[in-house]
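The values are calculated or read from the model by the stated rules, or taken from the named source; none is laboratory data. All of these numbers come straight from a predicted model, not from anything done at the bench. FYI the Cβ positions are ideal-geometry reconstructions off the backbone, even for glycines, and counts take in every protein chain you see. Surface accessibility is based on the protein's heavy atoms, side chains included, excluding ligands, DNA and RNA. Shrake-Rupley method; radii C 1.70, N 1.55, O 1.52, S 1.80 Å.
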Amino acid sequence: QVTLVESGGGLTQAGGSLSLSCAAALRTFSSYAMGWFRQAPGKEREFVAAINWRGSTSYADSVKGRFTISGDNAKNTAYLQMNNLKPEDTAIYYCAARMSGVLFTLPSQYSYWGQGTQVTVSS
């Protein structure tokens, strides 16, 4: 059984920063690709960033240069540092995992999901 638990969401003003964490109960964290997705009200879930055990990363164009994904194999935790936040970044952010080294970008390509954490950016 794989469990993912996100934390760190909250409310900030435009231009502010937030950091999200995803604690993963995985047998071999380093065998997984970890992804962050977000879903705003009335919109489909969209890719934000992904990282694999090699440290390779992938980002959505909308967050490049502002968000940074990282992972700590010793702590079985993935992180998403979000800087220069914009109101359009407001969404529920989800952590996802799949046993693979490929940086998938579609929600359907991930096997496990966390419960989500709310990020709200005011203008």
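Output the residue which, of all residues in the range 3-39 that are touching a Lys or Arg at 6+ places or on another chain (Cβ under 9 Å) and under 17 Å from SER108 (Cβ atoms), is surrounded by the fewest Cβ atoms within 10 Å (Cβ to Cβ).
The selected residue is GLN39.
May I ask you to list the residues in the range 59-97 that are touching a Lys or Arg at 6+ places or on another chain (Cβ under 8 Å), open to solvent by 50 Å² or more (accessible area, probe 1.4 Å) and either part of a strand (DSSP E or B) or of a type in the set (Asp, Glu) (or both)?
If the condition is that a residue be touching a Lys or Arg at 6+ places or on another chain (Cβ under 8 Å), open to solvent by 50 Å² or more (accessible area, probe 1.4 Å) and either part of a strand (DSSP E or B) or of a type in the set (Asp, Glu) (or both), then ILE92 is the only one that fits.
Hey, can you tell me all the residues within the range 43-82 that are more than 20 Å from TYR32 (Cα to Cα) and either of a type in the set (Ser, Thr, Tyr) or without any contact (Cβ under 8 Å) to a residue 60 or more places away in the chain (or both)?
Going residue by residue through the range 43-82, those that are more than 20 Å from TYR32 (Cα to Cα) are 43-45, 61-67, 82.
Matches in the range 43-82: LYS43, GLU44, ASP61, SER62, VAL63, LYS64, GLY65, ARG66, PHE67.
Given the conditions (1) within 14 Å of the chain's Cα centre (by Cα); (2) at pLDDT below 95, which single one is not true for THR105?
(2)
Identify all residues within the range 40-56 that are on the phi < 0 side of the Ramachandran plot and either open to solvent by 60 Å² or more (accessible area, probe 1.4 Å) or charged (D, E, K, R) (or both); write none if there are none. Can you show your working first?
Filtering the range 40-56 for residues on the phi < 0 side of the Ramachandran plot gives 40-41, 43-54, 56.
Answer for the range 40-56, where residues must be on the phi < 0 side of the Ramachandran plot and either open to solvent by 60 Å² or more (accessible area, probe 1.4 Å) or charged (D, E, K, R) (or both): PRO41, LYS43, GLU44, ARG45, GLU46, TRP53, ARG54.
So in the range 98-120, with the set limited to residues that are small (Gly, Ala, Ser) and in a loop (DSSP other than H, G, I, E, B), which one is surrounded by the most Cβ atoms within 10 Å (Cβ to Cβ)? I'd like the intermediate steps shown before the answer.
Here is the first cut: in the range 98-120, the ones small (Gly, Ala, Ser) are 100-101, 108, 111, 114, 116.
Restricting the remaining residues to those that are in a loop (DSSP other than H, G, I, E, B) gives 100-101, 111, 114, 116.
Working: SER100: 15, GLY101: 13, SER111: 12, GLY114: 21, GLY116: 18.
If we take residues in the range 98-120 being small (Gly, Ala, Ser) and in a loop (DSSP other than H, G, I, E, B), then GLY114 is surrounded by the most Cβ atoms within 10 Å (Cβ to Cβ).
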